[in-house]
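Worksheet for the structure shown next.
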Amino acid sequence: MACNTSLSLVKEKEHEGAEIVYGSEKCQKHSIELLQELGFPKGVLPLKDLVECGRVRESGFVWMKQKEPYEHFFERTNTRVSYAVEVTAYVEKLKMKKMSGIKSKQMLLSVPITEMSIEDP
């Protein structure tokens with residue numbers, strides 16, 4: 001039981017001072033604005049039925065929760081990507097790192113996506 005308590009304390013600490021938005025419409029708007037602010041195209045995280053989004057500006061920690069896991073097929077890259085109920089990352093301009101909750105499926109392999117960046121235009 002101590003493990004669960006310490007895990008929730010870590011999560012509480014990560015969320016300390018967070019801006020949190022609830023509800024599908026507000027979360028969609030918030031996530032699109034965040035991606036644009038960071039220099040990413042708005043379709044890079046095509047999450048569905050968002051219920052909660054949060055951001056801690058001081059640390060760059062963000063999270064997005066959806067009702068259920070979602071799988072998306074990116075036709076241009078011929079890649080299937082699965083998104084867990086909760087997707088997290090530490091963000092900065094043109095970069096997301098320490099990502100969790102995202103896996104790319106190519107052929108028979110499922111590979112976790114842990115970092116994403118865009119070259120400065």
### Task
Read through the list (1) modelled with pLDDT of 95 or more; (2) among the hydrophobic types (A, V, I, L, M, F, W, C); (3) crowded, with 16+ Cβ neighbours inside 10 Å, then give the number of the only condition that M116 fails.
(1)
### Task
Looking at (1) of a type outside the set (S, T, Y); (2) closer than 27 Å to L109 by Cβ; (3) modelled with pLDDT under 90, find the lone condition where E71 falls short.
(3)
### Query
When region 39-57 is examined, which residues are found to be surrounded by 19 or more Cβ atoms within 10 Å (Cβ to Cβ), within 19 Å of K103 (Cα to Cα) and without any contact (Cβ under 8 Å) to a residue 40 or more places away in the chain?
L50
### Query
How about region 51-121: which strands (runs of 3 or more DSSP E) wholly inside it have at least 3 residues that are under 10 Å from the mean Cα position of the chain (by Cα)?
61-66, 79-92, 95-106
### Task
Check L108 against each of (1) aliphatic (A, V, I, L, M); (2) at pLDDT 95 or above; (3) surrounded by fewer than 16 Cβ atoms within 10 Å (Cβ to Cβ) and name the one condition it does not meet.
(2)
### Task
Residues being surrounded by fewer than 13 Cβ atoms within 10 Å (Cβ to Cβ) and at pLDDT 95 or above: count how many of those fall in region 74-86.
0
### Task
Mind telling me which of the residues V91, V111 ends up being on the phi < 0 side of the Ramachandran plot and in contact with a helix residue (DSSP H, G or I) (Cβ under 6 Å, 6 or more places away or on another chain)?
V91
#### Entry: Where K65 falls short, out of the listed (1) exposed (fewer than 15 other Cβ atoms within 10 Å of the Cβ); (2) touching a helix residue (DSSP H, G or I) at 6+ places or on another chain (Cβ under 9 Å); (3) of a type in the set (K, R)
(1)
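The values are calculated or read from the model by the stated rules, or taken from the named source; none is laboratory data. What you see is a predicted model; the values in this text were computed from it and never measured. Counting neighbours? That spans all protein chains shown, and the Cβs are built from the backbone with ideal geometry, glycine included.
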